[in-house]
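Asks: Quick one: this structure, given as structure tokens, is what I'll be asking you about.
The values are calculated or read from the model by the stated rules, or taken from the named source; none is laboratory data. Since this is a predicted model, take the numbers as computed values, not measurements. Counting neighbours? That spans all protein chains shown, and the Cβs are built from the backbone with ideal geometry, glycine included.
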Amino acid sequence: MHKINLDKTEIRTDLVMEQEIDKKIDKIIEKNKHIEVTETSIERNHYTTIKFNDITDKDNFEIVQNHFIKELKKYLNLKKEDKFIVIGLGNDKSTPDSLGPLTVNNILVTRHLFLLGDVEEGYSNVSSFIPNVMGNTGIETSEIIKSIVEKINPTKVIIIDSLKTNNLSRLAKTIQITDQGISPGSGIGNKRKEISKNTIEKEVIAIGIPMVVDIKNIINTKESMIVTPTNIDFLVEKLSILIGNGINISLHKNFFSTK
């Protein structure tokens, strides 16, 4: 496994399933040998967690992708007048943190065609953006996103990011969807300003997959490190295609995946 030294970071998780929160209600809505789908409500906030065993072969990939599309559509509540921006958080130079940027590279963007009036029925107005990380830009990610959103005025914002888990069995095997928004870097103790309806005044749908786990959840050690699978390059590529396909199919009725 690759190791990233993170001295002085607190042990935490980005997955709502692993958190003890007052008034949290979990409900399993589907469970079989391939997949488990759980809905979580915390007051007015909603989460869907899709836990799966494998996406490395074609059949399992399609099973997970179909469940992801089914659950994502509930959050999108697609309307003809909707305009979307898909944003990939993270750093494409760091493999465990590259899910967001890689996913955006798989998104079918159409906003420029809508501006030209050259779009047939069955496609949504979609733009995309990769804001990079504050360590590279010196600018809060939330500030960049807020400026872009104010300029192009989408009705809904879809954000993809890598997450952290405290459970090895969920590593690269869980998709979390929520309408609460997201705080970039929170899983590794580097919390930035949140990106949510409260901060950018648009509906936010956040999609995340845990790509790292704290070493203390695997072995008994005093070291503070996070670890990621040795085949992380393969997994993050497959998962970015899955999430990208799922978003495209959910937003564009005439989209057919060729990957």
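Asks: Among the residues of segment 71-106, how many are within 21 Å of S196 (Cβ to Cβ) and either among the β-branched types (V, I, T) or touching a Lys or Arg at 6+ places or on another chain (Cβ under 8 Å) (or both)?
Replies: Selection size over segment 71-106: 9.
Asks: Oh, and also: For segment 224-255, how many residues meet the condition of being assigned to a helix (DSSP H, G or I) and of a type outside the set (F, W, Y)?
Replies: The qualifying residues number 19.
Asks: Starting from residues that are part of a strand (DSSP E or B) and in contact with an Asp or Glu (Cβ under 7 Å, 6 or more places away or on another chain), keep the ones in segment 158-168 and report whichever is nearest to N248 (Cα to Cα).
Replies: My answer is S162.
Asks: Next up: Condition test on K93, is it under 25 Å from D54 (Cα atoms) and without any contact (Cβ under 8 Å) to a residue 40 or more places away in the chain?
Replies: No, not satisfied.
Asks: Can you go through I63, I85, I25 and tell me which one is surrounded by 11 or more Cβ atoms within 10 Å (Cβ to Cβ) and more than 15 Å from the chain's Cα centre (by Cα)?
Replies: After ruling out the rest, the residue left standing is I63.
Asks: Next up: If the requirement is being closer than 29 Å to E39 by Cα, without any contact (Cβ under 8 Å) to a residue 60 or more places away in the chain and small (G, A, S), which of these qualifies: S162, S127?
Replies: Exactly one of S162, S127 is closer than 29 Å to E39 by Cα, without any contact (Cβ under 8 Å) to a residue 60 or more places away in the chain and small (G, A, S), namely S127.
Asks: Any chance segment 18-38 includes a residue that's of a type outside the set (F, W, Y), in a helix (DSSP H, G or I), at pLDDT below 95 and under 23 Å from D214 (Cβ atoms)?
Replies: yes
Asks: Quick test for you: out of T258, T199, T221, pick the one residue that is more than 16 Å from the chain's Cα centre (by Cα), at pLDDT below 95 and part of a helix (DSSP H, G or I).
Replies: Answer to the check: T199.
Asks: Another one. Can you give me the number of residues within segment 206-231 that are crowded, with 23+ Cβ neighbours inside 10 Å and of a type in the set (A, V, I, L, M)?
Replies: Here the count works out to 7.
Asks: Residues E143, E121: which one is in a loop (DSSP other than H, G, I, E, B), in contact (Cβ under 8 Å) with a residue 40 or more places away in the chain and either among the acidic types (D, E) or closer than 19 Å to I205 by Cβ (or both)?
Replies: That would be E121, the only listed residue that is in a loop (DSSP other than H, G, I, E, B), in contact (Cβ under 8 Å) with a residue 40 or more places away in the chain and either among the acidic types (D, E) or closer than 19 Å to I205 by Cβ (or both).
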